[in-house]
Amino acid sequence: MTNTLLHIDNVYKTFPVKAGFGRSAVAKAVDGVTLSVGAGEVVGLVGESGCGKSTLGRIALNLIEPTAGTVSFKGRVLSTLDKDELRSLRKEMQIIFQDPFASLNPRMRVQEIIVEPLVIHGLARKDELADRAAALLQKVGLTTDALRRYPHEFSGGQRQRIGIARSLASNPSFIVADEPVSALDVSVQAQIINLLDDLRSEMGLAFLFVAHDLNLVHHFSDRVAVMYLGRIVEIANSDEIYRNPSHPYTEALLADIPVADPTVKRKHILLNADIPSPTQIPPGCRFHTRCIHRFEPCDKLVPKTTDLGNGHFVDCHLRG
Ligand code: SF4
């Protein structure tokens, strides 16, 4: 990876939660994550619901403050910046939300929605706004007759295109795409992924692409990080992780994906139980309660990170 754009350094995030009977507990949503995204790079972040990936995406954008650790963007540690400096950097860091039905203000016309970031950041004169909105709509494959309409007049895919146009308005260099297609029909998902891929090539955008579907992530990402109960347990080049998954959890996530490539052999691994609560992370390897390969040290010793070469890292006693 060249030219690090975003660097998440040993980040933790805990939340107080109610545990019933008047008791409280601490949920460890992110539990010691280090991750970088290079300029123009797409890093896929995958895992089941509740593994902390969306929280990490919001920490990357400084929308949530980490409990410990730092996030740097273009070499500047976000927590050390003042309000004006943060505001200025925020133009370059945007988010595409999961739910295109909830993320657009239903009372605003499409033009107002798209140009709002330009107005907030003072990036365009009033008389330029209509043209800028029209150009952004065209970029995402919609026609300018959409400008005067309201979000409820559009399909899910069209609304997600409007959300993407809004996220592009301030000409960002980094976007967190938080499950951007999981609320859409399967037939529309590929269109949106293809659009993001085109925009990435055209604008040199970097993405942290949060998803639970490894197949989607494989096609769109340069590297893939697999997250389990707040930690990254495996990271590698996208093709490498798809062909040679080395953590039993990654293998299990891949097991259900049909393989079109005859050179890829897939073992079928089932997960033993439900994902534990982030308030009760198992000792030793946090995956041991579900792992069919667990052996003597797994429930006592936390596995170290093993370097398998070529940027492939895994946390598992089998590989250590
Ligand atoms: Fe399974 Fe043990 Fe590896 Fe954890 S360390 S993934 S329990 S084999």
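Per residue, the chain exposes 49 Å² of accessible surface when a 1.4 Å probe is rolled over the protein heavy atoms with every protein chain present. GNM remark for the chain: springs join alpha carbons under 10 Å apart, and the peak mean-square fluctuation among ILE275, ILE95, ILE232 falls on ILE275.
Springs join every pair of Cα atoms under 10 Å in this Gaussian network model of the chain, and among LYS18, LYS304, LYS126 the largest mean-square fluctuation is at LYS18. Seen against the Cα atoms of the chain and their longest principal axis, helix 186-203 is set at about 70 degrees. Sorted largest first by accessible area at a 1.4 angstrom probe radius, with every protein chain in place, the residues TYR228, TYR12, TYR242 fall in the order TYR12, TYR242, TYR228.
Carbon and sulfur together cover what percent of the accessible area of the chain at a 1.4 Å probe radius?
The C+S portion of the solvent-accessible surface of the chain is 49 percent.
Normalised size of the chain, defined as Cα radius of gyration per 2.2 N^0.38 Å with N residues, equals 1.05. Between 0 and 90 degrees, the angle of helix 110-120 with respect to the longest Cα principal axis of the chain falls at about 80 degrees.
Straight-line reach from LYS83: taking Cα to Cα under 27 Å and skipping same-chain neighbours fewer than 8 places apart, the lysines in range are LYS13, LYS53, LYS74, LYS91, LYS126.
Considering all alpha-carbon pairs of the stretch 91-174, what whole percent are spaced by more than 18 angstrom? So the portion of pairs separated by more than 18 Å is 34 percent.
Multiplying the residue separation of ASP299 and SER277 by 0.36 nm and subtracting their alpha-carbon distance yields 6.3 nm. Of all DSSP-defined beta bridges confined to the chain, some 65% are antiparallel rather than parallel.
Mean-square fluctuations from a GNM of the chain, with a 10 angstrom spring cutoff on Cα atoms, peak among GLU296, GLU179, GLU65 at GLU296.
Stretched out fully, how many nm does the piece from THR80 to ASP307 gain, at 0.36 nm a residue minus the Cα gap?
On the way: separation 227, 0.36 × 227 = 81.72 nm, distance 3.21 nm.
My answer for the length gained is 78.5 nm.
The peptide list 157-167, 208-218, put in order of mean Cβ contacts within 10 Å with the highest first, becomes 157-167, 208-218. Look at where the Cα atoms of the stretch 44-67 and of the stretch 187-255 average out, and the two centres are 15 Å apart.
The values are calculated or read from the model by the stated rules, or taken from the named source; none is laboratory data. Every value quoted in this text rests on a predicted model; they were computed, and no experiment measured them. As a convention, Cβ positions derive from the backbone with ideal geometry for all residues, glycine included, and neighbour counts pool all protein chains shown. Each accessible area value is taken on the protein alone, full model and side chains, heavy atoms only, with ligands, DNA and RNA left out. Shrake-Rupley method; radii C 1.70, N 1.55, O 1.52, S 1.80 Å.
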